[in-house]
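Reviewing the structure listed below.
The values are calculated or read from the model by the stated rules, or taken from the named source; none is laboratory data. Note that this is a predicted model, so its numbers are computed, not measured. FYI the Cβ positions are ideal-geometry reconstructions off the backbone, even for glycines, and counts take in every protein chain you see.
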Amino acid sequence: MTNAPLTIVPTWRLGSLLHDARVADGKSLDELAQSSDRFDASGLADLEAGARPLRDDDLEHVVALYGVDPDGLVPGRSDLVVDLDHNRLATAGHTEPLAGSAPTADEVLASYLSLVYTLRSTTPGTRVPLRDADLDVLARAAGSNCSTGSTRSGRRPR
């Protein structure tokens, strides 16, 4: 099993990948369900529709069931760019403007989170895992060191 951070895969993306793999193999939901001791055809349909989140402990079972390479679940990494000269954040072809002419660290973080929610099609305020590489870029832009520091809550960000 891969070490890829699979919990960052949105349910709609996972469902789409599972559906595409099943169709490409010419299998029905019923056929897959017969090979599973955890999911019936309805449960698999919910996974493919992105309507059912997949617990991490079921992930290995599902990717094996569908014959999906777990490394293919995580989208390719795009570099996060914090451009303080032009007051914007950019990644994966998306740009988020920063507030004001001299954005504060909190404003940079708020813009970053807005971009994350947009890219992951997630409702703002939903708890999302953040990538260490992005946190390091944000820390450098804010003039601090997140990789050895902690958040305001006292816990190291993940």
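Pairs only if they're at least six apart or on different chains, beta carbon under 6 angstrom, first in region 100-127 and without any contact (Cβ under 8 Å) to a residue 60 or more places away in the chain and in a loop (DSSP other than H, G, I, E, B), second surrounded by fewer than 16 Cβ atoms within 10 Å (Cβ to Cβ) and aromatic (Phe, Trp, Tyr); list them, first residue then second. Hits for this filter: PRO124/TYR117.
Any idea which residue in region 33-47 is farthest from ARG13 (Cα to Cα), counting only those that are part of a helix (DSSP H, G or I) and over 17 Å from the mean Cα position of the chain (by Cα)?
For region 33-47, the residue satisfying everything is GLN34.
Of all the criteria given as (1) modelled with pLDDT of 80 or more; (2) surrounded by 15 or more Cβ atoms within 10 Å (Cβ to Cβ); (3) part of a loop (DSSP other than H, G, I, E, B), the one not satisfied by PRO157 is (1).
Between ASP136, ASP71, the distinction of being modelled with pLDDT under 70 and not in a loop (DSSP other than H, G, I, E, B) belongs to ASP71 only.
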